[in-house]
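Step one of this worksheet: look at the structure below.
What follows is calculated from the coordinates using simple rules that are stated; it is not laboratory data. Here the structure is a predicted model, which means the values were calculated and not measured. Backbone-built Cβ (ideal geometry, glycine too); neighbour counts: all protein chains shown.
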Amino acid sequence: MVNGERYRAMITDFLWPIIDQMYVEDIWYQQDGAPCYRSNATIDLLREKCGERVISRRAEVAWPPRSCDLTPLDYYLWGALKDKCYDKNSKTIEDLKSEIGEVFGQIQPHALDNVVEKWSDRIGYCHARHMNDVVFHH
């Protein structure tokens, strides 16, 4: 399966059922400009659930160029996991998966509190100064 197909399967098989259980209306979907994210098939899939509330390259609300990473996954978690896991120099995918699980389990609750606080600050900064071309909805 190629990346685009995997990504679309992740959306339909994992994300949509969770969103359906949450009974969320008018959900906005934000993603960056990776090629598999902005394919016509992916954008069309996102439009089925989100309508015009897709923030992405080639969508109704364009992903701003040189945009800062807004989600805690982008600006905290991936970097924290990567730095610690790559130090181990895993030789196989299974070893790497195991390392990721171990490192993820070592994240302390106070670190997550700090991440959420920084996320709130980051959103405020972006709203006020950086992303005037993106409409912020509450």
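Quick notes
- Counted charge near Ser39, where neighbours are those whose Cβ lies closer than 13 Å (Asp, Glu -1; Lys, Arg +1): +4
- Amide H contacts under 5 Å for Val61: Val54, Ser56, restricted to partners 5 or more places along the chain or on a different chain, H placed in the peptide plane at 1.01 Å from N.
- Partners for Lys84 among aspartates and glutamates (Cα-Cα distance below 12 Å; same-chain residues under 8 apart left out): Glu99, Glu102
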